[in-house]
Amino acid sequence: MKYVFYVVGILILTLGISFTIQSDLGTSPFDALLVGLSINVGLTVGSWEIIIALILICCNSLLKRQRPEVLGLLTAFITGIGIDMWLFLLHNLITPELWYSQVVCFGIGLIVIGLGTATYLYTNFAPIPIDRLTLIIQELTKTNIFFARTFIYLVSLMLAMISNGPIGVGTLLTVCLGGIILNTFMPLTSKVIDRILIHSSTPNYDKDKNHSI
């Protein structure tokens, strides 16, 4: 059951990323970096997700002074495929042109990203390297998710500007609200998933108990 939430969380996350990209209002700084590299260098957005993830795995290993978390590459691989899949499916379905439809598209994407990230992070199984870095910074600085996430967003923003990624008002909103949304969803998601897991395990327990009687 844990791995189901892991996969579902990533699919929700990548759907949210695709919504922000399609909104054309600017993506999160990290995603803007991926899109910028895709446009100016080549390869798909998902491919750059995997490449950057490999670099971040090495950085995280140095910060934690432990062996590289190779499983993080698996998550990045699934995420990369998810992004490319959703972009392919949404390309002709969602192309907002009016400003208010762009805002709605971006708003949905931002919330869905927070929900997806909180869902798969709850499983504590092979986080995406950028999210693992968030947790590492939170631990090293002894702060919260909001601070760690915002710090990473600011660094990614500078790199996205260098790569001429799609930076806009949406990027600014992500920097200001992304950490808050994730910080809000983390405890809520934990409660909901805990209840689901407890509920799903209860029938098996009762069945075994009745059988023993």
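The values are calculated or read from the model by the stated rules, or taken from the named source; none is laboratory data. A quick note: this is a predicted structure, and the numbers were derived from the prediction, not measured. Note that each Cβ is placed from the backbone with ideal geometry, even for glycine, and that neighbours are counted across all protein chains shown. Calculation scope for accessible area: heavy atoms of the full protein, side chains included, ligands and nucleic acids excluded. Shrake-Rupley method; radii C 1.70, N 1.55, O 1.52, S 1.80 Å.
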Worksheet item: What residue, among those in region 128-151 that are under 17 Å from LEU62 (Cα atoms) and among the aliphatic types (A, V, I, L, M), is surrounded by the most Cβ atoms within 10 Å (Cβ to Cβ)?
Response: ILE128
Worksheet item: Does TYR153 satisfy being in a helix (DSSP H, G or I), at pLDDT below 80 and not basic (Lys, Arg)?
Response: yes
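Would you check if THR134 is touching a Lys or Arg at 6+ places or on another chain (Cβ under 6 Å) and assigned to a helix (DSSP H, G or I)?
Numbers: touching a Lys or Arg at 6+ places or on another chain (Cβ under 6 Å): yes; assigned to a helix (DSSP H, G or I): yes.
Criteria met by THR134.
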Response to the item:
The residue that is farthest from THR189 (Cα to Cα), considering only those in region 21-59 that are at pLDDT below 90 and among the polar types (S, T, N, Q), is ASN40
Worksheet item: Are any of the residues in region 86-93 closer than 26 Å to LEU172 by Cβ and more than 16 Å from the chain's Cα centre (by Cα)?
Response: yes
Worksheet entry | Pairs, first hydroxyl-bearing (Ser, Thr, Tyr) in region 39-65, second open to solvent by 60 Å² or more (accessible area, probe 1.4 Å) and outside any helix (DSSP H, G or I), C-beta under 7 Å, six or more apart | SER61/ARG67; SER61/PRO68
Discussion item. Considering only region 118-129, I want to know if a residue exists there that is part of a helix (DSSP H, G or I), modelled with pLDDT of 85 or more, touching a Gly at 6+ places or on another chain (Cβ under 6 Å) and aliphatic (A, V, I, L, M).
Written reply: no
